[in-house]
1. May I ask you to say which residue of K472, K467, K431 is basic (K, R), surrounded by 12 or more Cβ atoms within 10 Å (Cβ to Cβ) and over 34 Å from the mean Cα position of the chain (by Cα)?
2. Can you tell me how many residues in region 290-331 are assigned to a helix (DSSP H, G or I) and of a type outside the set (D, E, K, R)?
3. State yes or no: is T450 part of a helix (DSSP H, G or I), surrounded by 13 or more Cβ atoms within 10 Å (Cβ to Cβ), on the phi < 0 side of the Ramachandran plot and not small (G, A, S)?
4. Run down R248, R195 and say which single residue is within 32 Å of the chain's Cα centre (by Cα), assigned by TED's automatic domain parsing to the domain that holds E52, part of a helix (DSSP H, G or I) and not aliphatic (A, V, I, L, M).
5. In region 494-511, which residues are surrounded by fewer than 15 Cβ atoms within 10 Å (Cβ to Cβ) and either outside the structural domain of N547 (by TED's automatic domain parsing) or more than 22 Å from E555 (Cα to Cα) (or both)?
6. Working carefully through the options A489, A482, find the one that is under 16 Å from T515 (Cβ atoms), assigned by TED's automatic domain parsing to the domain that holds V552, touching a strand residue (DSSP E or B) at 6+ places or on another chain (Cβ under 9 Å) and surrounded by fewer than 17 Cβ atoms within 10 Å (Cβ to Cβ).
7. Consider R278 carefully, then state whether it is charged (D, E, K, R), buried (at least 23 other Cβ atoms within 10 Å of the Cβ) and assigned to a helix (DSSP H, G or I).
8. Here is a list: V53, V35, V4. Which entry is at pLDDT below 85 and either more than 27 Å from the chain's Cα centre (by Cα) or not assigned by TED's automatic domain parsing to the domain that holds A334 (or both)?
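The values are calculated or read from the model by the stated rules, or taken from the named source; none is laboratory data. Owing to the predicted nature of the structure, the values given are computational and were not obtained by experimental measurement. So basically every Cβ, Gly included, is an ideal-geometry build from the backbone, and we count neighbours across all protein chains shown.
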Amino acid sequence: MLRVTQLLPILDQLRSYQPAWLKSDLAAGLSVAAVSLPSAIAYPAIAGLPTEVGIYATIFSLVGYALLGASRKLMIGPDTATCIMLASVLTTLGATGADQRVALTVALSLLVGIACVLAGLLRLGFLANFLSRPMLVGFLAGISISLIIGQIKRMTGVDIDTNGLLLPVLSLAAQLGEVHWVTLVTGLATLVLLRVLKAVAPGVPAPLIAIVLGIAASVVLDLEGRGVAVVGTLPEIAFSLNAPAWDRLADPSLYGGALAIAIVGFGSGIVTARSFARKNRSNLDADKELFGFGAANVTSGLFGGFPVSASDSRTAVNFAIGGQTQLTSLIAAATVALSVLFIAHLLSHLPTAILGAILVSAAIDLIDIKELRAIYRISRTEFVFAILTLLGVVLVGVLQGVFIAIAATLANMIWMTSHPRMALLGRIHGKAGLYKLHRYPEANAIPGMTIVALEGPLIFFNADFVKQKLLKIADAQRLGAAWFVLDAAAVNSLDSTGIEILEQLRTHLASQGVTFGIADLNSAARKVLDRAGVSDTIGQDFMFASNEAAAVAYETLYPASPIRPN
């Protein structure tokens, strides 16, 4: 039976809560709220929805994930990719009027949440395992650069209507005369403040200090009157349960769109979750994250919000401030709600350039040059994947960039599997065991015996490659050869095509008077070989428990053969 703490992970976090964490959680919650509010106001426009839908989504998704989410640091909320996908689905469904779009959005949010929960029950989170370490490092660097570029308008006042890496920079260069210098000074001064505070006082909630000082400076210096953009007046909000008509949830026409949004939301969100989990040196259970994502979407929909996912910017702020538990999410949700209800007049004076500076500062901390250098030293191929992910995220978008990197990773994995490595084994005088001849120059092949280690599966898409390599080795070792043994310790998979190749190899060797044997084949593959009758064809005496057993059997039968050179 599941424990209550398994269903509600936040109870485990609160049970082990340390009083010293409260300061960090409070500061992080307030900072996350300050960064979340502008997104809550702006993101609904992407899908043609009223502002309050974004506010509901921001507040209640934080609450939903805090209750069921497994990560202590992940922040949930409106996400660009998810909002763009929602807009596409609403258009496909033919939604026109505002009321119809809101009703469909609420239903889609609930269906997305249900889809995530079902995926968690089916343990489909393993799909996240295709996101490798280089991809995560490249993704973080990519979203960091994208976040920085995305703040150009906030930091300069110049309306940049292009995407990617070079076009926004070129567009800014072409419009330097339109830069609003008071806005630029406000943003750069805030950025300098944030970087200095991080360097000299890393425990201080720098974004929160910047926000308070920014509001004060805005009021005293009348920055809005000097042309600096501010958050502005917020709409009146009334919080209430807003569940859709249940018959709408049974409408099959919504299922395809809900599934598409769920895939996009989980696809982009789990990359964010994994990236920060790796950076925080913590474990991540993708199946449990599906439950958290599901809870966030369900609560968002129940209170009139739209589908959500993990937020890289809010998670980055939480990470930078040092939030310790999901109490940060609850504090952020309460702060956004109270801000909208009671101090909207103060938040209306906050310059958006300060919000841009906070995001830029958080993004700078996520570009891990040290880790990229380590990957470059370890594997040039993986470094290429990291850079490919980075460029994909920046140039074609977060989700598209991840898909490109996944496709490249899978292509490389298929290539490596279809071209498994092989090694000849032999003896080192005076030492027990067998050694790879190419790695140990002092090792020599056993006279009259060829032992080949196959380092990979033997299945349909690599069978021909393996066959050609083994035949080439067999022909090269033909002179004086008596036995040819395949060390199958690393053959973790064997199918009917692979069995056919083994039989062809045995027949070829037999025509040359060479005996074929197999060593250390795992039990699952051995059963396949037995069912095909190949074990009996080879001979049970030549199905060896290990390569050493094969070598000993041969050396016992042919004790006086001359040493064959490596």
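1. Matching residue, one of K472, K467, K431: K467.
2. Matching residues across region 290-331 total 26.
3. Details: part of a helix (DSSP H, G or I): no; surrounded by 13 or more Cβ atoms within 10 Å (Cβ to Cβ): yes; on the phi < 0 side of the Ramachandran plot: yes; not small (G, A, S): yes.
No, not satisfied.
4. One residue alone meets the criteria, R195.
5. Of region 494-511, the ones surrounded by fewer than 15 Cβ atoms within 10 Å (Cβ to Cβ) are 496, 504, 507, 510-511.
Residues satisfying the conditions are S496, Q504, T507, S511.
6. Working: A489 fails: under 16 Å from T515 (Cβ atoms).
Step by step, each of A489, A482 is checked, and only A482 is under 16 Å from T515 (Cβ atoms), assigned by TED's automatic domain parsing to the domain that holds V552, touching a strand residue (DSSP E or B) at 6+ places or on another chain (Cβ under 9 Å) and surrounded by fewer than 17 Cβ atoms within 10 Å (Cβ to Cβ).
7. Working: charged (D, E, K, R): yes; buried (at least 23 other Cβ atoms within 10 Å of the Cβ): no; assigned to a helix (DSSP H, G or I): yes.
Criteria not met by R278.
8. On the way: V53 fails: at pLDDT below 85; V35 fails: either more than 27 Å from the chain's Cα centre (by Cα) or not assigned by TED's automatic domain parsing to the domain that holds A334 (or both).
Being at pLDDT below 85 and either more than 27 Å from the chain's Cα centre (by Cα) or not assigned by TED's automatic domain parsing to the domain that holds A334 (or both) holds for just one of V53, V35, V4, which is V4.
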